[in-house]
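Undergrad: One structure follows; several queries about it will come next.
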Amino acid sequence: MLWVLGLGLSVVWPVHPACSNVAYTLGVAIPVDDTSELIASSGGSSDQSSSLSSSSTSSSDQSSSSSLLLSSSSSSSVPVGAGLASIARSHATPTVPGLDDHGVSPEPPMPVLPPIWPPKFVIEFNETEYLGIFSLHTGGKIYYDSTNQRSRIDRDVGRGDRFCGTVWPIRRTPCSHVVVGGVRYLVFPEHRYCCQCCRASDGCGIRPRTWLANATYIGRENVEGYDCNKWKQTHKDTTNYWQVIADSTPMRIYVEPRTQLTFRHDTFKLMNSIDSDIFSLPHGYGCEQRCPGLCYITSSEGVDRVLRRYGRKVLSYLHPFLFPF
């Protein structure tokens, strides 16, 4: 009997994270040497690039025709089912199980470490901006490429975004954030207008893969029918993050008290590469000029001017609202 109990304990006993040289990506453990490319090339679907010069504002599937994208090239991708699921099967994540009398965990165990984003992915989203008793809604798409330090966020209607909305206020017009070369640009395809908002050195480059490193695990919640783990992180602002338990895909981000992005789970794609044309800036749109509005305050010159004119109290109030997703 003692021998059987000892064997049972050896089977279910968790490995301490410090004893395993692994990196954690979206809650999935993989060898450190493999983190530069999360998935090897393995027959995926093509992700059709969309132009930043679209004139449609109705949905994220709108067609586009702008010189921002020189061509509509496909990028190799790994579908969610074939990507994250296969990693989960081959690399077990160390966990802290809650066992019943039979040595079985009836529910998914609590994660050991916060999620880390994959190097490259594409996903669509629905966004709500809460403005007191009012709210603004739009759809959009994110292209994330941390390997080359670039990203692009398309919004069907940009007026709810704190930056786009202060360049073309009240207008129902598409707006895109393009981060490339350490600079965040705003592009308004319908107005053939482009400007430099802020720089990575000012704190508004792309989100690092480890941006949730100091997040606290809150528990489990159901979001849009998906069972999720929830995390909360307080830094420049208070951010809540939900991740689907079944396949570790992002599900929702809520930046208190204003911005909520709910991701469209079935649109998530891990990418081996993303076409460089997606991050190309349009010619003849004036991308060398500085943006007006809140973008100005993010610069060193703008911060100094706010300090001189309004004081540190006003700057500390504005600070959490300045730095974009």
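Undergrad: For the stretch 219-238, does any single residue satisfy the condition of being within 30 Å of R172 (Cβ to Cβ) and of a type in the set (K, R)?
TA: Checked against the condition, which is being within 30 Å of R172 (Cβ to Cβ) and of a type in the set (K, R), the stretch 219-238 yields at least one hit.
Undergrad: Now a separate question. Can you work out which of the residues in the stretch 209-225 that are polar (S, T, N, Q) and in a loop (DSSP other than H, G, I, E, B) is surrounded by the most Cβ atoms within 10 Å (Cβ to Cβ)?
TA: At the first step, the residues of the stretch 209-225 found to be polar (S, T, N, Q) are 210, 214, 216, 222.
Next cut, in a loop (DSSP other than H, G, I, E, B) only: 210, 214.
Details: T210: 13, N214: 11.
Among those residues, the one meeting the criterion is T210.
Undergrad: A further question follows. Looking at the stretch 168-182 only, could you name the residues that are outside any loop (DSSP other than H, G, I, E, B) and surrounded by 23 or more Cβ atoms within 10 Å (Cβ to Cβ)?
TA: Pass one, the stretch 168-182, residues outside any loop (DSSP other than H, G, I, E, B): 175-180.
Across the stretch 168-182, the qualifying residues are C175, S176, H177, V178, V179.
Here is a yes/no grid of residues against (1) at pLDDT 90 or above; (2) part of a helix (DSSP H, G or I); (3) over 25 Å from R159 (Cβ atoms):
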{"residue": "L270", "(1), (2), (3)": "yes, no, yes"}
{"residue": "S273", "(1), (2), (3)": "yes, no, yes"}
{"residue": "L281", "(1), (2), (3)": "yes, no, no"}
{"residue": "G286", "(1), (2), (3)": "yes, no, no"}
{"residue": "Y296", "(1), (2), (3)": "no, yes, no"}
{"residue": "L307", "(1), (2), (3)": "no, yes, yes"}
{"residue": "S316", "(1), (2), (3)": "no, yes, yes"}
{"residue": "F321", "(1), (2), (3)": "no, yes, no"}
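Per-residue answers, yes or no, for (1) surrounded by 20 or more Cβ atoms within 10 Å (Cβ to Cβ); (2) modelled with pLDDT of 95 or more; (3) under 23 Å from L131 (Cβ atoms):
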| site | (1), (2), (3) |
| --- | --- |
| C194 | yes, yes, no |
| C198 | yes, no, yes |
| R207 | no, no, no |
| K236 | no, no, yes |
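Undergrad: When I142 is evaluated against the numbered criteria (1) over 21 Å from P119 (Cβ atoms); (2) crowded, with 18+ Cβ neighbours inside 10 Å, which criterion, by number, is the only one it fails?
TA: Only one criterion is unmet by I142, namely (1).
Undergrad: Oh, and also: Can you tell me which residue among C228, C194 is assigned to a strand (DSSP E or B), closer than 26 Å to L281 by Cα and more than 14 Å from the chain's Cα centre (by Cα)?
TA: On the way: C228 fails: closer than 26 Å to L281 by Cα.
The unique qualifying residue is C194.
Undergrad: Then there is this: Would you point out the residue of the stretch 240-293, among those that are among the basic types (K, R) and closer than 15 Å to N222 by Cα, that is surrounded by the most Cβ atoms within 10 Å (Cβ to Cβ)? Give the derivation first.
TA: First, the residues of the stretch 240-293 that are among the basic types (K, R): 252, 258, 264, 269, 290.
Remaining after also requiring closer than 15 Å to N222 by Cα: 252, 264.
Working: R252: 21, R264: 15.
Of everything passing the filter in the stretch 240-293, R252 is surrounded by the most Cβ atoms within 10 Å (Cβ to Cβ).
The values are calculated or read from the model by the stated rules, or taken from the named source; none is laboratory data. Quick caveat: nothing in here was measured; it's all calculated off a predicted structure. Cβ atoms come from the backbone with ideal geometry, glycine included; neighbour counts cover every protein chain shown.
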